[in-house]
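Data first, discussion second: the structure below is written as structure tokens.
The values are calculated or read from the model by the stated rules, or taken from the named source; none is laboratory data. Note that the coordinates shown come from a computational prediction; the quantities given were computed from them, not determined experimentally. Here the Cβ positions follow ideal geometry from the backbone for every residue, glycine too, while neighbour counts run over all protein chains shown.
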Amino acid sequence: MSVPTAQSLLSLASAVSGSVWARGDDGLADEVACFNTAVVHDPDVVVAAENAGDVALAVGYATAQGLPVRVQATGHGAFEPITHGVLVSTRRLDSVVVDPVAREARIGAGARWGSVILAAAEHGLAPITGSSPSVGAVGYTLGGGLGPLARTFGFTADYATEFTVVTADGGLVRASADEHPDLFAALRGGKGGLGIVVEMRLRLVELASFYGGGLFYDADAIEPALRAWAEWVRTVPDTVNSSVALLRIPDIEEAPPPLRGRTVLHLRYAFVGSPEDGELLLAPMRDAAPVFLDLVREMPAADVGLVHSDPDTPGPGWDRGLMLTGLDQEFVTALLEVLGPETEAPFIAAEVRHLGGATARRPAGLDSVGGREAAFTLVLIGIPVPELFAEVLPRAADAVVARIAPWRATTTNVNFAGHITSAQEFASAWPADAFERLAVTRTAYDPGRVFSYGPA
Ligand SMILES: Cc1cc2nc3c(=O)[nH]c(=O)nc-3n(C[C@H](O)[C@H](O)[C@H](O)COP(=O)(O)OP(=O)(O)OC[C@H]3O[C@@H](n4cnc5c(N)ncnc54)[C@H](O)[C@@H]3O)c2cc1C
């Protein structure tokens, strides 16, 4: 294992516009701090890039030193510590430029969805985002990107029109339908091992508002509400987006007062159309069981983060996700048996998102998005106690997965898989043909596996 010399680090630091830290330097830990605070990176070298040239210099340095390269924007996707090699931090590449005529945004590698949403909203436009505005737009889109409006608009990767990438040889490559189409197809959902994206171009949609938010059902209304949801989702058009989350809200000050200490079902709803139609379509769920908190209303498109209201402060995180081929009343019975309010399940949230509609439709050209054939996602989020992460939570999640096995899809999506530890799980994050194509493209653009990705 090679160790960078002081001399080599000095020449790297003098060449880049941004900052360079070596292991042990003050400031390194802050630069690479993750949203998931249970993960603390300690690589040999961190390069805080300020431009594409810095990224290229970092990659050139790593290859010359025989070190692997990793990349981080926000640390929302951090599952295990990086303890070796060069970590390129893209936080400062956070520019967002909207072209209202072309209805497109140029998004830097470090930009979070929140800033893209605000920049687009100034022109009555919206990006197709994920549930949380604090997630990085590029890292998210590289995995496909399945958000609160996905049934209506599809995966976010379907809206990417170009990626500017630093590849393993340090070169800057534009990947689009016309240039390097193999790399473009791989970056639309293939996630890692291809290069460092410094900028992406994304089509925006014309959307000023939608009708949505959350309905909360108390513990004794969870079963009727969940059973009603399982029927209701069969009836709704593609303009209706919804998910349910069984939440065990801890009795702590940070929790919102009406929910503190309660076990509830949170129905998330987003209807793209008139508030009147949205209200009509939601009526069966408002009537299905007593709702103790109703936060559904017409809202600006820029408030899309309120649909899920994900926590946006860093903390220790553990999750496991998979996809489902469908669900029915027997599934609800199974789910409640292992996760219901009467159980001692060690999960603060168990979320099921309704897919279909536009998520099942492929865009023009090749792509690598996993999970198009699935009907629902299921994500388990563990109690945020790091001592439980190694054994207790994986064992409890295994038990849940075993119970719902009849409904489990064979493939999933890399953004929803959680911590991938085996080659089998890695392969299942993409359809078989896309996985094979990805391997070929990774070898073509990174023959030396500089961008180490996936389980060893
Ligand atoms: C609270 C929360 C909500 C989420 N909601 C959704 C959701 O609704 N839908 C969904 O699909 N996913 C969701 N995710 C998953 C999220 O999309 C992934 O974890 C994504 O990888 C986060 O990207 P990031 O850049 O913010 O994270 P980071 O941890 O900084 O990056 C994660 C990975 O993305 C890749 N990456 C990042 N930047 C680059 C780059 N410039 N070039 C090449 N590779 C790069 C790397 O493989 C990196 O390891 C959510 C995650 C969290 C924690």
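Quick notes on this one:
- When residues in the stretch 398-428 are screened for being in contact (Cβ under 8 Å) with a residue 60 or more places away in the chain and small (Gly, Ala, Ser), 4 of them pass.
- Condition check for Arg91: among the basic types (Lys, Arg) and out of contact with any Lys or Arg (no Cβ under 8 Å at 6 or more places or on another chain): yes
- Only one of the numbered conditions (1) under 23 Å from the mean Cα position of the chain (by Cα); (2) crowded, with 17+ Cβ neighbours inside 10 Å is violated by Glu80, and that is (2).
Rundown of residues vs (1) exposed (fewer than 15 other Cβ atoms within 10 Å of the Cβ); (2) in contact with a strand residue (DSSP E or B) (Cβ under 6 Å, 6 or more places away or on another chain); (3) of a type in the set (Lys, Arg), yes/no style:
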{"position": "Ala6", "(1), (2), (3)": "yes, no, no"}
{"position": "Leu10", "(1), (2), (3)": "yes, no, no"}
{"position": "Ala13", "(1), (2), (3)": "no, yes, no"}
{"position": "Val39", "(1), (2), (3)": "no, no, no"}
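- Checking the stated criteria, Val101 turns out not to satisfy the condition of being within 11 Å of the ligand (Cβ to nearest atom), out of contact with any Lys or Arg (no Cβ under 9 Å at 6 or more places or on another chain) and not charged (D, E, K, R).
- Hits in the stretch 410-453 (condition: within 30 Å of Leu335 (Cα to Cα), in a loop (DSSP other than H, G, I, E, B) and within 19 Å of the chain's Cα centre (by Cα)): Thr411, Thr412, Asn413, Ala417, His419, Ile420, Thr421, Ser428, Ala429, Trp430, Pro431
- With respect to (1) without any contact (Cβ under 8 Å) to a residue 24 or more places away in the chain; (2) within 11 Å of the ligand (Cβ to nearest atom); (3) not polar (S, T, N, Q), the lone exception for Leu142 is condition (1).
- Residue within the stretch 391-405 that is at negative phi and touching a Gly at 6+ places or on another chain (Cβ under 6 Å) present: yes
- Applying the set (1) outside any strand (DSSP E or B); (2) touching a helix residue (DSSP H, G or I) at 6+ places or on another chain (Cβ under 6 Å); (3) surrounded by 20 or more Cβ atoms within 10 Å (Cβ to Cβ) to Pro284 leaves exactly one unmet item: (3).
- If the condition is being within 11 Å of the ligand (Cβ to nearest atom), of a type in the set (Gly, Ala, Ser), surrounded by 16 or more Cβ atoms within 10 Å (Cβ to Cβ) and not in a loop (DSSP other than H, G, I, E, B), then the stretch 296-352 contributes Gly305, Gly321, Ala349.
- Only listed residue being free of Cβ contacts under 8 Å to residues at least 12 places away in the same chain, touching a Gly at 6+ places or on another chain (Cβ under 9 Å) and over 30 Å from Val385 (Cβ atoms), chosen from Asp251, Asp303: Asp303
- Any hit, the stretch 142-164, residues being in contact with a strand residue (DSSP E or B) (Cβ under 6 Å, 6 or more places away or on another chain), closer than 15 Å to Phe416 by Cα and outside the structural domain of Val47 (by TED's automatic domain parsing): yes
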